[in-house]
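One structure is given below, encoded as structure tokens.
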Amino acid sequence: MLLTPSSGQRPVRRVADVGTGSGMIAVLAASLGYEVIAIDFAPAMVERAKQSLAPWPDAQVRQGDACALPLQHGEVDAIIGRNVLWTLPSPEDALKHWSGLLQPGGRIGIIDGTHHGDFRRFPALYKHLSKAFGHGGHPDPVADNNPNKEVPLATLDNPQQVAELFRRVDLAEILVRDHHEVDRRLRASWSWLNRVTYKPRTFSISARVR
Ligand SMILES: C[S@@+](CC[C@H](N)C(=O)[O-])C[C@H]1O[C@@H](n2cnc3c(N)ncnc32)[C@H](O)[C@@H]1O
């Protein structure tokens with residue numbers, strides 16, 4: 001979906017997956033037939049992505065930063081990233097950088113969610129219950145030592161906040177989609193406390209470089 005060209009645009013062939021982590025999205029793209037360059041700044045993740053992508057010998061894994069990608073201009077037709085934009089100190093600069101690496105017609109796509117901030121139903125109840133029962137494996141989003149507080153999108157409670165960054169970077173055909181089925185599946189694996197109090201919202205945004 002993120003990689004579907006708009007009408008009249010050339011098809012996407014080569015894709016960079018930024019912040020690839022263990023390479024899950026890169027594997028998906030490779031298995032769909034795209035030529036993949038998976039990128040992460042963490043050496044341990046680069047190794048994990050290499051293992052995941054081993055069945056696709058043409059896939060490449062590179063170490064590099066999302067704001068200074070190890071890519072030549074026009075080397076890929078699309079740049080995608082799941083759950084990485086919100087971790088960046090300057091997500092708008094990253095989008096600008098990605099846009100500058102693509103040819104006109106190139107695609108940018110992100111998948112993210114509002115799971116990182118303190119967007120809970122019944123925040124007072126959560127505070128009380130989490131003291132008594134712990135956080136059920138999730139970091140406490142309101143704790144002072146939560147590193148998420150250092151990044152602007154950690155307080156993301158609406159995909160439109162990210163879409164606005166896409167607009168500022170002057171991308172075209174910005175399309176925001178909700179992924180309720182993903183949320184249903186996520187919730188199934190959470191502790192009862194998180195199921196009751198979290199408001200998950202997974203979304204994707206895709207756009208075209210002018
Ligand atoms: C939450 S994980 C998501 C991993 C993967 N995209 C997925 O959805 O399974 C975020 C990944 O982004 C990487 N990352 C964070 N900041 C980065 C940066 N500035 N440049 C490159 N990678 C980064 C982390 O090392 C981590 O692997």
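The values are calculated or read from the model by the stated rules, or taken from the named source; none is laboratory data. What you see is a predicted model, and the numbers here were worked out from it, not measured in a lab. With ligands, DNA and RNA removed, areas are computed over all heavy atoms of the protein, side chains included. Shrake-Rupley method; radii C 1.70, N 1.55, O 1.52, S 1.80 Å.
Tabulated data for the structure shown
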{"read-out": "Exposure of K50 as accessible area (Å², to 10), given a probe of 1.4 Å and all protein chains", "value": "90"}
{"read-out": "Nearest-10 value in Å² for the accessible area of W56, using the 1.4 Å probe", "value": "80"}
{"read-out": "Distant-in-sequence amide H partners of Y198 (H built 1.01 Å from N, under 5 Å)", "value": "R121"}
{"read-out": "J(HN,Hα) series, segment 83-92, from Karplus relation 6.51 cos²θ - 1.76 cosθ + 1.60, nearest Hz, glycine and proline x", "value": "6, 10, 4, 5, 7, 8, x, 10, x, 5"}
{"read-out": "Derived scalar couplings ³J(HN,Hα) [segment 27-35; Karplus, 6.51 cos²θ - 1.76 cosθ + 1.60; whole Hz; x for Gly, Pro]", "value": "5, 4, 5, 5, 6, 8, x, 7, 7"}
{"read-out": "Solvent accessible area, Å² - M1, 1.4 Å probe, full protein context", "value": "130"}
{"read-out": "Ellipsoid semi-axes in whole angstrom, largest first, where each is sqrt(5λ) of the Cα gyration tensor of segment 1-42", "value": "21, 10, 8"}
{"read-out": "Fully extended contour minus Cα-Cα distance, from L175 to R195, at 0.36 nm per residue", "value": "4.4 nm"}
{"read-out": "Rh by Kirkwood over Cα pairs, then Stokes-Einstein D for segment 1-120 at 1.002 mPa s and 20 °C, µm²/s", "value": "148"}
{"read-out": "Amide H contacts of R62 (H built 1.01 Å from N, under 5 Å, at least 5 apart or other chain)", "value": "A38, I39, D40"}
{"read-out": "Size descriptor, Kirkwood hydrodynamic radius, that averages inverse alpha-carbon separations across segment 46-110, Å", "value": "12.9"}
{"read-out": "Length gained when the stretch A54-E164 is fully extended (0.36 nm per residue, less Cα-Cα span)", "value": "35.9 nm"}
{"read-out": "Nonlocal amide H pairs with G105, under 5 Å, H built at 1.01 Å", "value": "V209, R210"}
{"read-out": "Estimated vicinal HN-Hα couplings, Hz - segment 11-22 in sequence order (Karplus 6.51, -1.76, 1.60; Gly, Pro = x)", "value": "x, 7, 10, 10, 10, 9, 9, 8, x, 5, x, 6"}
